[in-house]
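This report concerns only the one structure given below.
The values are calculated or read from the model by the stated rules, or taken from the named source; none is laboratory data. Bear in mind that the values here come from a model prediction, so they are computed numbers and not experimental data. For neighbour counting, all protein chains shown are included, and Cβ atoms are generated from backbone atoms with ideal geometry for every residue, glycine included. Accessible surface areas use protein heavy atoms only, side chains included; no ligands, DNA or RNA. Shrake-Rupley method; radii C 1.70, N 1.55, O 1.52, S 1.80 Å.
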Amino acid sequence: MRIQVVCPHFEPDAAPTGVVMSEIVRGLVSRGHEVDVVTSLPWYPEHAVDEAWKGRIIRKETTRWGSTTRVYPFPADKGSIAARAFGFAGFTALACLCSLSRRRRPEVVMAMSPPLTLGLAAWLTARLRRAPFVFNVQDVFPDVAVAVGAISNQRVIRLLEGLERFVYRRADAVTVLSEDLRVNVESKIADRTAGDRVGDKVRIIPNFVDVERIRPQERDNAYRSEFGLGARTVVMYAGNLGFSQPLELMVEAARSLADRDDVAFVINGGGSRRQELEVLARGLDNLLFVDYQPVERLGEVLAAGDVHVIALRRGLGRSSVPSKLYSVLAAGRAVLASVDSGTEVATVVSSQRAGLVVAPQDQEAFTAAVLDLVDNADLAAMGSAGRQFVLQWASPDGVAEAYADLFAELTS
């Protein structure tokens with residue numbers, strides 16, 4: 001089968017969604033499918049096109065399994081919604097042109113969101129090439145942007161919600177990561193006034209965790225040595241520092257535990273809020289900021305933390321499922337989740353006894369949970385329970401097979 005994929009990131013880009021899509025493509029290829037990928041030039045870690053990829057707006061490469069076409073991503077200041085919107089529009093326009101320029105007709109087209117606009121590019125390609133269209137939703141947009149206050153103009157919100165419904169309804173299938181996201185998306189597809197029924201359009205295909213690549217390692221490793229963490233209990237957040245993550249929780253917890261020389265806090269990553277958080281944490285010797293590390297160092301980074309933080313602002317738990325949860329569990333480390341109750345993250349952590357869950361943006365509860373984990377909890381047992389859970393979770397190969405089966409169903 002000839003499959004066309006339109007996605008925001010792809011290897012060697014280190015973005016989490018790029019890792020996900022790269023593994024899915026690898027699994028599809030191993031099943032004998034031909035895949036043409038349209039994506040961006042690598043740019044995620046520094047929010048700028050990597051030096052090795054500069055010089056051309058479009059780069060095409062023929063591979064043994066199909067092709068990759070990389071286009072300029074129009075990187076913009078993460079703090080400017082308008083600039084990012086123009087960047088997404090420019091990237092989507094180039095991706096659409098490249099998708100339509102493929103000589104051979106794809107038998108199925110899949111796009112990944114966010115950005116939501118890639119759904120338009122894929123739908124147009126699928127419509128003109130008379131192929132089924134599958135829309136893979138990693139985060140529900142614009143729900144996330146509205147919830148964090150990044151978008152407040154009601155006209156813009158209505159426009160984006162209209163675009164969201166347009167793409168969902170025209171997709172032959174929409175794949176989401178959890179039951180929470182399925183309910184969210186189905187509510188937007190159904191037209192109650194017309195009596196429309198969603199049927200089985202929305203499918204749950206979770207992101208995978210590679211339990212062979214990410215496995216429990218010794219906590220006393222090169223990362224701890226490099227950043228002077230020693231034998232202290234490390235409370236870590238590793239990932240994007242954006243509007244969705246209220247990491248002032250970690251700053252204030254570090255402030256409360258400033259007299260504890262046996263506990264260290266680490267924020268490993270980058271994003272629009274890093275500078276703000278660094279200013280807020282000024283003078284705290286027990287809180288360290290570390291830049292993104294190379295993707296091949298992920299296992300070492302996770303092993304260096306004793307407790308890993310997952311934090312989402314209030315109301316975001318049903319619009320987003322942080323993929324880092326499953327990586328932390330695979331590494332055999334305890335989780336402190338500050339998320340809405342009853343959501344995917346909260347349910348997994350609580351039911352598997354893999355850590356503690358507190359209400360989102362509740363500073364007192366968060367700091368108390370840190371103390372409980374550091375002083376009273378059996379972190380090794382929590383980590384072991386999480387590891388056992390993900391050993392039964394979807395593998396990269398299993399996720400690729402689920403997509404291959406879905407494509408076969410749609411094309412038949």
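The set of residues in segment 207-225 being in contact with a strand residue (DSSP E or B) (Cβ under 9 Å, 6 or more places away or on another chain) and over 16 Å from R387 (Cα atoms) consists of Y223, R224. Within segment 332-366, being in a helix (DSSP H, G or I), more than 20 Å from A238 (Cβ to Cβ) and not hydrophobic (A, V, I, L, M, F, W, C) holds for T347, S350, S351, Q363, E364.
Being outside any helix (DSSP H, G or I) and in contact (Cβ under 8 Å) with a residue 40 or more places away in the chain holds for only one residue in T62, T17, T68, and it is T68. Under the condition of being open to solvent by less than 60 Å² (accessible area, probe 1.4 Å), over 20 Å from V251 (Cβ atoms) and over 25 Å from the mean Cα position of the chain (by Cα), the residues counted in segment 355-382 number 3.
Residues in segment 269-285 that are over 23 Å from the mean Cα position of the chain (by Cα) and crowded, with 20+ Cβ neighbours inside 10 Å: A281 only.
Scanning for something at pLDDT 95 or above and touching a strand residue (DSSP E or B) at 6+ places or on another chain (Cβ under 9 Å), does segment 42-55 turn up at least one residue? So far as segment 42-55 goes, no, none of its residues is at pLDDT 95 or above and touching a strand residue (DSSP E or B) at 6+ places or on another chain (Cβ under 9 Å).
In segment 78-125, what residues are free of Cβ contacts under 8 Å to residues at least 60 places away in the same chain, outside any helix (DSSP H, G or I) and open to solvent by 60 Å² or more (accessible area, probe 1.4 Å)? Of everything in segment 78-125, those that are free of Cβ contacts under 8 Å to residues at least 60 places away in the same chain, outside any helix (DSSP H, G or I) and open to solvent by 60 Å² or more (accessible area, probe 1.4 Å) turn out to be S101, R103.
In segment 59-76, the residue that is modelled with the lowest pLDDT out of those that are out of contact with any strand residue (DSSP E or B) (no Cβ under 8 Å at 6 or more places or on another chain) and over 18 Å from R104 (Cα atoms) is A76.
Comparison of V266, V234 shows that the only residue that is closer than 30 Å to D143 by Cα, crowded, with 18+ Cβ neighbours inside 10 Å and modelled with pLDDT of 95 or more is V266.
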